[in-house]
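A.B. asks: Got a structure here, written out as structure tokens. Questions coming.
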Amino acid sequence: MQDQLLIRKVPHTVRSWIDRERRQRGMTQQEFILSVLEQAQTSEELPLFASAARSTSSAIAPESIPFTFTDFFAGIGGFRIALERIGGRCVFSSEWDKYSQRTYHAWHGEMPEGDIRKIKPADIPSHDILAAGFPCQPFSIAGVSKRQALGYAHGFRDKNQGNLFFSLATIIQQTRPPVAFLENVKNLQSHNQGRTWEVIRRTLEDLDYVVFDRVIDAAGWVPQHRERVYIVCFDRKVFGSKPPFEFPEPPAEKPTLGSILEKNPDPKYTLSDHLWAYLQEYAARHKAKGNGFGFGLADRAGVTRTLSARYFKDGSEILIPQEGKSPRRLTPRECARLMGFDDNLKIAVSDTQAYRQFGNAVVPPVVEAVAKQILKVIAWHLEKGCLLKRTKTARAN
Ligand SMILES: C[S@@+](CC[C@H](N)C(=O)[O-])C[C@H]1O[C@@H](n2cnc3c(N)ncnc32)[C@H](O)[C@@H]1O
């Protein structure tokens, strides 16, 4: 049963305003008053959004909206870098790997909380955007084939890693961020004949979020072919069932590998003749069997293959040809650039850990481009919510 609300002593001016406005919108009196109350409630529940909206009397500029966010499966903070760049303030982070925590602390001055499964949702401050690149290994092509070969479970059947999505879903359910912004490997959507993705999408929709998803290749922003699925979810109770969200288009000019290479890389990154001979022989053997896997010599005028978390092993997926000697692998700094991380971020861990961390990370410039589109929807929502107020101001003038 729905509650009743009777309002007495409505001032005459308010009464005629209601009549005028609801007629213009083709709404009944009840529909109009309820929509005004719902918008007022939303503004109250999104305090930062609301203050941004109150402070402006003209169209709301998306880039001027302050917002808060949380950073789950934070790694080295790829989401954080991107969201802070456009005015976000991080209020909570979680990452359990001690080396990633070390980098995160060095770069962001904050030690993330550990295992997500031990975090109580009640301890998470209220926030506007929840960001999470949940673990992809149980879903990635490399992860799945390795796990299958070793007889391990993958996807949701992987008790430890696959089910972490549900820890995240519980946090979303209990903290109700207006927006959830997730990222994963492209293979998430084809894993287990699409069933894994179906469960994820349905879980988010059942939580009453409108879900948008798109595979985006980071090659439009950085010189690396890196396809990832970006999942943007809007709380239906806040934004309605048709938030006008659109994924971004890549910039017109694409960067090339040559632009991020170091001038004088340390010779230690050159492959030993022995390793180079082994890689060539391994590739030839696999080619003969009809398999495409092998080393990848990168073209300076083009983009590289995807940097993986296993790059530290032999660097074979991205090798830089060198005149008169064996090719070399990328330096950790070059990997940072390949992922779109700025040079002012000092690498605080060993080469091995740095390669792993960059290979696991999101590409901040892509996250930033998607997040700017999210802010446009928030601005649209605020415009809607503040329309009545601004109309009144305009009339007073
Ligand atoms: C795909 S990476 C995300 C990287 C991150 N988006 C970035 O830009 O660096 C997933 C991260 O989840 C972390 N992780 C895995 N299981 C976890 C758990 N139970 N609790 C907290 N973090 C976890 C891993 O250590 C890894 O850093």
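A.B. asks: Here's a check for you: in segment 99-118, which residue that is touching a strand residue (DSSP E or B) at 6+ places or on another chain (Cβ under 6 Å) and touching a residue at least 24 places away in the same chain (Cβ under 8 Å) is farthest from the ligand (Cβ to nearest atom)?
C.D. replies: Applying the filter and picking the extreme gives P112.
A.B. asks: Taking V349, is it modelled with pLDDT of 95 or more and under 21 Å from the mean Cα position of the chain (by Cα)?
C.D. replies: Judged against the criteria, V349 is not a match.
A.B. asks: Within the set of pairs 6 or more residues apart or between chains, which connect a residue that is small (G, A, S) inside segment 164-192 to a residue that is not in a loop (DSSP other than H, G, I, E, B) with Cβ atoms less than 6 Å apart?
C.D. replies: Correct list of pairs: S167/I116; S167/R117; A169/T203; A180/L130; A180/I172; A180/C233.
A.B. asks: Is segment 359-382 home to any residue that is away from the ligand (no atom under 13 Å from the Cβ), in a loop (DSSP other than H, G, I, E, B) and surrounded by fewer than 23 Cβ atoms within 10 Å (Cβ to Cβ)?
C.D. replies: No; the residues of segment 359-382 include none that is away from the ligand (no atom under 13 Å from the Cβ), in a loop (DSSP other than H, G, I, E, B) and surrounded by fewer than 23 Cβ atoms within 10 Å (Cβ to Cβ).
A.B. asks: Out of segment 119-141, which residues are more than 14 Å from L168 (Cα to Cα) and within 13 Å of the ligand (Cβ to nearest atom)?
C.D. replies: Those that are more than 14 Å from L168 (Cα to Cα) and within 13 Å of the ligand (Cβ to nearest atom): Q137, P138, F139, S140.
A.B. asks: Any residue in segment 241-264 that is under 30 Å from H381 (Cβ atoms) sitting within a Cβ distance under 8 Å of a residue that is modelled with pLDDT under 95 and surrounded by fewer than 18 Cβ atoms within 10 Å (Cβ to Cβ)? List the pairs, counting only those 6 or more apart or interchain.
C.D. replies: P243/W380; P244/W380
A.B. asks: Being within 19 Å of A336 (Cα to Cα) and surrounded by 10 or more Cβ atoms within 10 Å (Cβ to Cβ): is that true of G258 here?
C.D. replies: yes
A.B. asks: Of all residues in segment 66-98 being of a type in the set (K, R) and farther than 13 Å from E368 by Cα, which is farthest from the ligand (Cβ to nearest atom)?
C.D. replies: Looking at the filtered set, the residue picked out is R89.
A.B. asks: Which condition does Y278 not pass, out of (1) under 22 Å from the mean Cα position of the chain (by Cα); (2) surrounded by fewer than 17 Cβ atoms within 10 Å (Cβ to Cβ); (3) of a type in the set (F, W, Y), if it passes all the others?
C.D. replies: Looking at each condition in turn, Y278 falls short on (1).
A.B. asks: Right, here's the next one. Kindly list the number of the only condition in (1) in contact (Cβ under 8 Å) with a residue 60 or more places away in the chain; (2) outside the structural domain of V211 (by TED's automatic domain parsing); (3) within 12 Å of the ligand (Cβ to nearest atom) that fails for A336.
C.D. replies: (1)
The values are calculated or read from the model by the stated rules, or taken from the named source; none is laboratory data. Only a predicted model underlies this, so the values are computations on that prediction, with no experimental measurement involved. Positions of Cβ are generated from backbone atoms using ideal geometry, with glycine treated the same way; all protein chains shown enter the neighbour counts.
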